[in-house]
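The structure under discussion appears below in the form of structure tokens.
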Amino acid sequence: MITVPGFLLRRLYVKGSLRATEEGLAFEIKNSLGSGYARGMLPLTLDGDDIPMDDAHFTVEDRIVSFSEVTKDVPFTLAMNRATTITANGITLTPGTHKVGMAFDVQGLGTLRFDFTDVVPDG
């Protein structure tokens, strides 16, 4: 099975996009690596703690999809050069440095994982 190194996947993250929202947090990923889709998601992590799958979402063409809804029939699609917003509700993102982890299952590649660290500005 082919493995994709985390440092390559980390390039999906749009640097500086991690931000606090009224509901929790949001960030952007943008695929410049090659079109693909995930048939399953794993929990997002914030500073090492899992975020419940029902509280994590992505937005595609104005449709909000929960991580728990992703299946082979409802894939998490990463179109080339298109930004996707990832949100997580029910948490408080404080100013400062945070580490976010993301993982998903891709047919033929298995579970792909990456994390990134970014700074949420004060105010």
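The values are calculated or read from the model by the stated rules, or taken from the named source; none is laboratory data. Quick caveat, the model's predicted, so the values are computed rather than measured. Using ideal geometry, Cβ is built from the backbone for each residue, glycine included, and neighbour counts are taken over all protein chains shown. Note: accessible area is taken over every heavy atom of the protein model, side chains too, but ligands, DNA and RNA are not part of it. Shrake-Rupley method; radii C 1.70, N 1.55, O 1.52, S 1.80 Å.
Note down the accessible area of Arg113, probe 1.4 Å, to the nearest 10 Å².
Using a 1.4 Å probe on the heavy atoms, I get roughly 140 Å².
With the crude spin-label approximation of a point 7 Å out along Cα→Cβ, what separation in nm comes out for Thr3 versus Lys99?
Those two pseudo-labels are separated by 1.8 nm.
Rounding to the nearest 20 debye, state how big the charge dipole of the chain is about its Cα centre with +1 on each Lys and Arg Cβ and -1 on each Asp and Glu Cβ.
The calculation lands at about 640 debye.
If each residue of separation counts as 0.36 nm, what is the full-extension length gain between Leu109 and Thr77 once their alpha-carbon separation is subtracted?
10.0 nm
Residue by residue through the range 54-67, what is 3J(HN,Hα) from phi via Karplus (6.51 cos²θ - 1.76 cosθ + 1.60, θ = phi - 60°)? Round to whole Hz and write x for glycine and proline.
So the J values, rounded to whole Hz, are 5, 8, 9, 9, 10, 10, 10, 6, 6, 9, 9, 10, 6, 4.
Once fully extended, how much extra length lies between Asp47 and Val60, figured as 0.36 nm per residue of separation less the alpha-carbon to alpha-carbon distance?
Contour length minus Cα-Cα distance gives 2.1 nm.
Report the full-extension gain for the segment Glu69 to Thr21: residue separation times 0.36 nm, less the Cα-Cα distance, to one decimal in nm.
Value of the extension gain: 15.0 nm.
Take peptides 72-83, 47-58 and line them up by average Cβ neighbours within 10 Å, highest first, as a rough protection proxy.
Result, highest mean Cβ count within 10 Å first: 47-58, 72-83.
Going by amide H atoms built from the backbone, whose H comes under 5 Å of the H on Leu44, apart from near neighbours?
Ile51
Lysines near Lys15 by alpha-carbon distance under 22 Å, same-chain residues fewer than 8 away left out - which ones?
Within the straight-line cut-off, Lys15 pairs with Lys30, Lys99.
What's the carbon and sulfur percent of the range 3-61's accessible surface, probe 1.4 angstrom, rounded to a whole number?
51
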